[in-house]
1. How would you rank 292-298, 12-18, highest first, on the average number of other Cβ atoms within 10 Å across their residues?
2. Taking the chain as the reference, fit the longest principal axis to its C-alpha atoms, fit the long axis of helix 262-271 to the helix C-alpha atoms, and give the angle between the two in degrees, 0 to 90, nearest 10.
3. Of T121, G166, Q139, whose Cα points farthest to the positive end of the dipole of segment 88-204 (charges on the beta-carbon: +1 Lys, Arg; -1 Asp, Glu; origin at the Cα centre)?
4. What is the extension gain from F222 to N234, computed as 0.36 nm multiplied by their sequence separation minus the C-alpha to C-alpha distance, in nm to one decimal?
5. Once R0 is set to 25 Å, what does the formula 1/(1 + (r/R0)^6) return for the Cβ-Cβ distance between T193 and R271, expressed as a FRET efficiency to the nearest 0.05?
6. Output needed: percent of Cα pairs per 10 Å distance bin for the chain, bins running from 0 to the one holding the longest distance.
7. Kindly flag which residue pairs out of K87/K157; K99/K329; K112/K157; K111/K226; K87/K311 have an alpha-carbon separation exceeding 31 Å in this structure.
8. List the equivalent ellipsoid semi-axes of segment 115-254 in whole Å, largest first, each obtained as the square root of 5λ for an eigenvalue λ of the Cα gyration tensor.
Amino acid sequence: MSEFGDFFRGRRLRRTAALREIVRETALHAADLMMAYFVVETDDPAFRKEIGAMPGQYQLSLQELEKQVEAAVATGLRSCILFGIPKEKDYRGSEAYNKDGVVQQAVRLLKKRWPSLVVCTDVCLCEYTDHGHCGLVRQGDTSGEVHNDPTLSLLAKTAVSHAEAGADMVAPSDMMDGRVQAIRRALDQNGFTHIPVMSYAVKYASSFYGPFREAAESTPQFGDRKTYQMDPANRVEAMREAAADIAEGADMLIVKPAGPYQDIIRDVRDRFDVPVAAYQVSGEYAMIRAAGLNGWINEDAVVMEALLGIKRAGAGLIITYFTEDLLRKGLVN
């Protein structure tokens, strides 16, 4: 006993690396991580363009996507999510639901090469519309008003086209009211009752998305997305959004962004009995990567700590641009 009396000695279980390992409460595994890819419709099969605001991430042609995924699968990649950048855009986002669109081609390619790789697709119109919004606006209207109900049928058509191409799961990110129900019904009516919907149920109107808009070439040409994405100040509203999506048929829920919203991840995990994912978004990636490149932090250690925090908060799956790096370096398995 110490001269100061008997007291709790938590350090006993931290004394060695082996002791710390056997009492560790949270661990990251390869299956917990999903990689995001940006695939470009282009006539140049060797097209590979680094994203300025996201060093180490690229816009890729189909051929380059195949090379990138091949290397990642060799190191243990289990799942990915695809975002498409078409040659042509219009006010209706027609290329989003083109059966031979760039994402549809990418799905067919990846599933043919790696049948066991889980290929998920982002379902939204923002990358495909000439105005950059996630839903329909009237031609010539620059007020920023996005029309909810007319958008639903297009999102449903997009999801069905992805399922027809072989996608394992679809992930609507548009934040239109009722889109999970519309997509679920369309999938079921077209014979895809087995395809799960991983809904971006809780998606905030975040400033952390900035680099993504360069990557996906999806910056709104007018207005903003605050009328359909959530106010970052709101917590209770997130529970309403999550409950609605589950009622409409969502199989999994995504909270986005991840790091600044770990309280929301925990709320969703505690309240709803479905798998919960979190998206460590482009701004989160860019800040860590920039600090790492400048030698201000130990990047690998910070990445692991950030992702452990997200998982500890309750996320079973984390969409992160660091997935390939962690696998290649053997930091997860």
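What follows draws every value from the coordinates through simple rules; no lab data is involved. Predicted model only: the values in this text are computed from it and were never measured. Methodologically, a virtual Cβ is constructed for each residue, glycine included, from the backbone with ideal geometry; neighbour enumeration extends over all protein chains shown.
1. So the peptides 292-298, 12-18, ranked by packing, come out 292-298, 12-18.
2. Value to nearest ten degrees: 80.
3. G166
4. 1.9 nm
5. Values: r = 27 Å, r/R0 = 1.06.
Using R0 = 25 Å, I get an efficiency of 0.40.
6. So the P(r) values, bin by bin, are 6, 25, 35, 22, 7, 3, 2, 0.
7. K99/K329; K111/K226; K87/K311
8. Semi-axis lengths for segment 115-254 are 24, 18, 15 Å.
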